[in-house]
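The values are calculated or read from the model by the stated rules, or taken from the named source; none is laboratory data. Being a predicted model, the structure only gives us computed values, none of them experimental. So basically every Cβ, Gly included, is an ideal-geometry build from the backbone, and we count neighbours across all protein chains shown. Accessible surface areas use protein heavy atoms only, side chains included; no ligands, DNA or RNA. Shrake-Rupley method; radii C 1.70, N 1.55, O 1.52, S 1.80 Å.
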Amino acid sequence: MQTTPVIQQYLDIKANHQDSLLFFRMGDFYELFFSDAEIASDALNIILTKRGQHKGKDIPMCGVPFHSAESYIKKLLDENIKVAICEQLETPQEAKKRGYKAIVKRDVVRIITPGTKLEESFLIQKENNILMAIFFFDNVWSSCWIDISTGLFKSSITDESQLLSIIDQISPNETISYKNSKELNTLTLSPINVTWLEKKKDFSRDTLIDFLSPFFDPGCLQKLNTSLLGSICLIVEYLQKNKNLFLEHYNIPEQIELSHIMSIDPSTRKNLEINSSLDGEKNLSLLGVVDKTCSLPGSRLLKRRLNAPSTQKDQILKWQRKVTEFYYNFQTTEQIRTLIGKFPDTERALSRLIRLGPNPKDLLSIKKGFSIFFKLKEEIKLFKENSISLEKVSEDKIKNVLDELVLAIEEEPPLTTKEGGFIKENFSDQLHKIKLIEKKANSNLLELQKIYSEKTGIKSLKLKYNNVLGYFFEAPISHKNKLLEDNEFFHRQTTANTIRIKSISLDQLEKTALNARNDALELEIKILEELHKKVLNISKDILFLSRKVSSLDVCSTLGYIAKLYGWCCPLVDDSKDFIVKDGRHSVIEKTISNKSLNSFVPNDCSLSSNEHLWLITGPNMAGKSTFLRQNAHIIILAQIGSYVPAKKAKIGIANKLFSRIGASDNISKGQSTFMVEMLETSNIIKNANEKSFVILDEIGRGTSTFDGLAIAWAIIERLLRNNKSRTLFATHYHELTELENENSKIRNVSCEIKEWKDEIIYSYKVIDGKSKGSLGIKVAELAGFPKDVTKHANALLRKFQEKEGNSSVVLEEDLEKEGLLKIKGDLESIDLDTITPLDALNILFRLKNDI
Ligand code: ADP
Ligand code: MG
């Protein structure tokens, strides 16, 4: 059997879209064929049927209704499946005009991928949706990321170790890269999913600049390094391929200087529960506590900022001054927050207008956004630090468009533009006139119904409308004869219970009414399109305005929560101090107070270059991990310009934050807990420096006691001597407390517990000195161990402790001394009078190896 023309058309289009499911529009449905149908029916749980044959085999098919397609597409995107939307580009009537057998023209109008979503229902409101491109050239990694739903567009240049950290910080929804061997090798090892693109054949700096010049200022492009041009090119190519370009609304991506951002490696971000708790709860994270923002753009900005604290004193202090202004003007802050609460998601409204065309709802959002902006500006005009003025030209342009939108757009426009009614009647004289005609015709129609009803004596005679008959009168079937006898009426249709008639007067009125309605709709759409154009003309000003309001939202929120939670303004400087008085863990404090348990016990912490490592001992559940994390949170908060949960704090800016906490499993990736622990710790030892902040929680507990102790010991010495980072080190190994005697930069502290009548009482107070013991057996008792088992354990413990008393610990320094002594011995044993040159060389070689 021959392939039908429609299937042939399908196959031709599908050939260019192999990596997406093709949603092929057929009337009121999107239909999927062949393997696409099989994948979709499985993923969407819809019935797989067949339609016709191809090459002697049934063609599998499934379909979804056009009007509810969004929910199906969302499901596919959530499973990382791309969708190509293929529309009918003409009506069947238009096709017929080209010839009896012509089929409707179709083509792909847009490809929706996880990184290029725009529809409200596809996106997470409080999160950016990011497409990231990664490129390696000339020994430099570059990345470029865009959120086409908000207009965010940034880039950075990194080395390999920073690359994974920046990917983790940005957490892209989709990552693209060229199929080059370096990228393939590096990125396939990382946890991200990459879409691979074929590299351009004629790749060179010049071809990149030529390719990008139509979209960006060529002068700016010339200043960028070639690797960066490559990743921008990737983004542009991909958007072009997906028919999502519209880059005229963008400037060249802002380049992020990585040294200006506190580096937080992926496991630290996870361990510190910055965006969600370890069990995935967003509320029980640091973000959950601070995100009291009132607008969606504000919420997204806060998340970005919390994930990229600054290392630049000027920047941090500038943010801090803004927050402080709100802190001290609490009443205004509350009023401003109420206003910001009404600020719509202008960023996303604008993106939809740019990429999906005019619609009344998003224009209304833009209008509301403008008017809130001017109200906010007025409200804080006396504030010094938080001015949100734009340049005068921009504000004038915005005001003009605002005036027009106020006059034009209905306050509650219908959801679709099908029926009209979204433009205010009085906006245009012409529209007003047409609407009058329409109204008059409508009232005449009702009048006619009254006249006919009186004339025929049929009270139930009704004026009705449908797409086939247009206007008609309808009466119960019992009046059939009476109506047909009257010459004025002519019969149109009989249904089971009714008769439908028309008349010449009705025809005339109908014509007037329908013409007026069509004219009005046409005019409304024309007006909408003009407004849309005006809004797009100032797209960059709108984005700027949204950013001002988001930033205001973030700063006022930080001022607000500082007051609400009783936080203090930290003194931030470039020193190596970390001094906190009465610090708290904001999340645990909240959970404790929610459960109305005892209140949280605040604790001090004091690190400086003189004493930069605290060793924290104490039994299980005494509060060690909490203390570690709260201090890491404090440093993050301080560096986003926020107040911190403490009475007083002095924070020397940290360039990198590291942590190794607990024993989170990573078995799914085939690495044992201990291996993960060692990998992460080795990363810390290699990268932390004297400006860094490190927290290590029970390192070494994944292996045998002595192994673990030895490793922990060696790590501490390394941190003390080489890295010199400010470090909080919680441990079970009491032996480590001896290190305090060897090195003045380390201090022993412990989480206090009291024993009372055989019970342990946790006071959660971090006090000076080492803890008395780990009390593991006491904890076991508390957990209900049988008495004889704990008794046995106690006896064993005493035995172990006696044995251990004999063993002495080896210091790193001792090892070094030992090595030197050996070399000395070796040298002394050489007889210089008899040795051959070859032997001498060999000895030299061995000595070098021994070092
Ligand atoms: P550890 O690491 O020593 O085993 P955690 O830090 O995990 O102990 O703390 C255990 C529990 O003790 C926490 O979940 C919290 O409920 C409580 N806790 C810890 N620190 C405090 C504190 N400072 N004030 C009040 N409760 C605390
Ligand atoms: Mg712990």
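A compact table of results
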| read-out | value |
| --- | --- |
| Subset of region 217-237 [part of a helix (DSSP H, G or I) and acidic (Asp, Glu)] | Glu237 |
| Pairs with Cβ under 9 Å, 6+ apart, first in region 2-27 and on the phi > 0 side of the Ramachandran plot, second open to solvent by 40 Å² or more (accessible area, probe 1.4 Å) | Gly27/Phe66; Gly27/Gln88; Gly27/Pro92 |
| Residue tally, condition farther than 22 Å from Ile176 by Cβ and within 20 Å of the chain's Cα centre (by Cα), over region 68-90 | 1 |
| Residue in region 281-294 that is nearest to the chain's Cα centre (by Cα), counting only those that are open to solvent by 50 Å² or more (accessible area, probe 1.4 Å) and not aliphatic (A, V, I, L, M) | Lys282 |
| Subset of region 721-742 that is within 17 Å of Ala710 (Cα to Cα) and more than 16 Å from ligand 2 (Cβ to nearest atom) - its residue that is most open to solvent (accessible area, probe 1.4 Å) | Glu742 |
| Search result, residues across region 717-767 that are more than 14 Å from ligand 1 (Cβ to nearest atom), within 26 Å of Leu657 (Cβ to Cβ) and part of a strand (DSSP E or B) | Arg726, Thr727, Ile746, Arg747, Asn748 |
| Residue tally, condition out of contact with any Phe, Trp or Tyr (no Cβ under 8 Å at 6 or more places or on another chain), of a type in the set (A, V, I, L, M, F, W, C), farther than 22 Å from Leu301 by Cβ and buried (at least 16 other Cβ atoms within 10 Å of the Cβ), over region 104-130 | 3 |
| Residues (aliphatic (A, V, I, L, M) and either within 38 Å of the chain's Cα centre (by Cα) or open to solvent by less than 70 Å² (accessible area, probe 1.4 Å) (or both)) located in region 407-447 | Leu407, Ala408, Ile409, Leu415, Ile423, Leu431, Ile434, Ala441, Leu445 |
| Tabulated pairs, region 611-622, first open to solvent by less than 10 Å² (accessible area, probe 1.4 Å), second within 8 Å of ligand 1 (Cβ to nearest atom) and of a type in the set (A, V, I, L, M, F, W, C), C-beta under 6 angstrom, 6+ apart or interchain | Ile616/Ala730; Gly618/Cys751; Ala622/Cys751 |
| Of all residues making up region 650-664, the number that are within 16 Å of ligand 2 (Cβ to nearest atom) and either open to solvent by 10 Å² or more (accessible area, probe 1.4 Å) or not charged (D, E, K, R) (or both) | 5 |
| Test: residue in region 254-272 that is at pLDDT below 95, open to solvent by less than 10 Å² (accessible area, probe 1.4 Å), in contact with a strand residue (DSSP E or B) (Cβ under 9 Å, 6 or more places away or on another chain) and part of a loop (DSSP other than H, G, I, E, B) | yes |
| Residues of region 601-649 that turn out to be within 16 Å of ligand 2 (Cβ to nearest atom) and either more than 21 Å from Asp697 (Cβ to Cβ) or not small (Gly, Ala, Ser) (or both), as a count | 17 |
| Region 350-375 residues that are under 19 Å from Lys397 (Cβ atoms) and touching a residue at least 60 places away in the same chain (Cβ under 8 Å), paired with ones that are open to solvent by less than 20 Å² (accessible area, probe 1.4 Å) and among the aromatic types (Phe, Trp, Tyr) (beta carbon under 7 Å, 6 or more apart) | Gly369/Phe343; Ile372/Phe343 |
| Region 448-487 - residue that is in a helix (DSSP H, G or I) and hydroxyl-bearing (Ser, Thr, Tyr) and, of those, least open to solvent (accessible area, probe 1.4 Å) | Tyr452 |
| Complete set of residues in region 190-204 that are surrounded by fewer than 16 Cβ atoms within 10 Å (Cβ to Cβ) and of a type outside the set (A, V, I, L, M, F, W, C) | Ser190, Pro191, Asn193, Glu198, Lys199, Lys200, Lys201, Asp202, Ser204 |
| Test: residue in region 301-323 that is aromatic (Phe, Trp, Tyr) and open to solvent by 20 Å² or more (accessible area, probe 1.4 Å) | yes |
| Residue list for region 54-81, filter: in contact with an Asp or Glu (Cβ under 9 Å, 6 or more places away or on another chain), open to solvent by 30 Å² or more (accessible area, probe 1.4 Å) and closer than 15 Å to Leu118 by Cα | Glu70, Lys74 |
| Residue match in region 745-761 (condition: surrounded by fewer than 17 Cβ atoms within 10 Å (Cβ to Cβ) and under 43 Å from the mean Cα position of the chain (by Cα)) | yes |
| Unmet requirement for Thr49, which otherwise passes all of (1) in contact with a Phe, Trp or Tyr (Cβ under 9 Å, 6 or more places away or on another chain); (2) open to solvent by 30 Å² or more (accessible area, probe 1.4 Å); (3) among the hydroxyl-bearing types (Ser, Thr, Tyr) | (1) |
| Candidate set from region 688-720 (those that are among the polar types (S, T, N, Q) and at pLDDT below 90); member that is least open to solvent (accessible area, probe 1.4 Å) | Thr703 |
| Test for Ala516: is it surrounded by 22 or more Cβ atoms within 10 Å (Cβ to Cβ) and either in a helix (DSSP H, G or I) or touching a helix residue (DSSP H, G or I) at 6+ places or on another chain (Cβ under 6 Å) (or both) | no |
